[in-house]
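In what follows, a single structure is set out as structure tokens and then discussed.
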Amino acid sequence: TFYDLVQAYEIAPENFTDGQESTSESTNGIPDILDEAVWGLQIWRNSQRTSGGVSARLETWGYIGPGVCPEDDPLRYYFSAPGREYSLRYAGAAAQLSRLLKPFDKDASDSWFASAMSAYNFGMEENNHYERSNYYAGGFNFREPQGPINLATSLAGIEIFLASVGRLTEPERVEILD
């Protein structure tokens, strides 16, 4: 998973280099393990709305069965509606990826950081909770909690803080410390 890849890199970055795999990204100057982390998180970035919200799931209306390759799947897939918790989870992951990419590709790092901030801002807004009646046509209602989402908020906040080092201007730093 994404977290396995980035945690392995964080523990021993010296063990990972560009060109360890035979992929199209193997000559871009970024350690291949981080390229794989980008690939794994990109699907959730693709689900990000202009509001900053990120989907929790990618689903289809049915399954075509065994023996069919993914590229031959004729079914259409859909992202779920965005929610606060998953937007905050994504924000933390995108901020961490931004931080790790910074020494190798500043533009990509900046882009992931902007995406993380957008998701974080969406997730911190209590009015962005997801709500649906007749959920799964089972006759029951679902409502994402409006209050704080403690673990996801904390992890996202920590990663955004770490990724923001060197990015904020002096007035922004003062404002955050107040």
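Quick check: anything in segment 18-31 under 20 Å from the mean Cα position of the chain (by Cα), at pLDDT 85 or above and surrounded by fewer than 15 Cβ atoms within 10 Å (Cβ to Cβ)? Checked segment 18-31: no residue is under 20 Å from the mean Cα position of the chain (by Cα), at pLDDT 85 or above and surrounded by fewer than 15 Cβ atoms within 10 Å (Cβ to Cβ).
Within segment 47-58, the only residue that satisfies the criterion of being closer than 21 Å to Arg99 by Cβ and either outside any loop (DSSP other than H, G, I, E, B) or open to solvent by 70 Å² or more (accessible area, probe 1.4 Å) (or both) is Val54.
For every residue, the table says whether it meets (1) loosely packed, with under 12 Cβ neighbours inside 10 Å; (2) part of a helix (DSSP H, G or I); (3) not polar (S, T, N, Q).
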site: Gly62; (1), (2), (3): yes, no, yes
site: Arg76; (1), (2), (3): yes, no, yes
site: Glu85; (1), (2), (3): no, yes, yes
site: Leu88; (1), (2), (3): no, yes, yes
site: Ala91; (1), (2), (3): no, yes, yes
site: Ala94; (1), (2), (3): no, yes, yes
site: Phe104; (1), (2), (3): no, no, yes
site: Ser109; (1), (2), (3): no, yes, no
site: Ala116; (1), (2), (3): no, yes, yes
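Among the candidates Glu36, Glu10, the residue that is in contact (Cβ under 8 Å) with a residue 40 or more places away in the chain, of a type outside the set (A, V, I, L, M, F, W, C), open to solvent by less than 70 Å² (accessible area, probe 1.4 Å) and within 20 Å of Ala94 (Cα to Cα) is uniquely Glu10. Screening Trp44 with (1) touching a residue at least 40 places away in the same chain (Cβ under 8 Å); (2) open to solvent by less than 70 Å² (accessible area, probe 1.4 Å) gives one miss only, at (2).
The values are calculated or read from the model by the stated rules, or taken from the named source; none is laboratory data. Predicted model only: the values in this text are computed from it and were never measured. Because the Cβ atoms are built from the backbone with ideal geometry, glycine has one as well, and the counts that use them run over all protein chains shown. Accessible surface areas use protein heavy atoms only, side chains included; no ligands, DNA or RNA. Shrake-Rupley method; radii C 1.70, N 1.55, O 1.52, S 1.80 Å.
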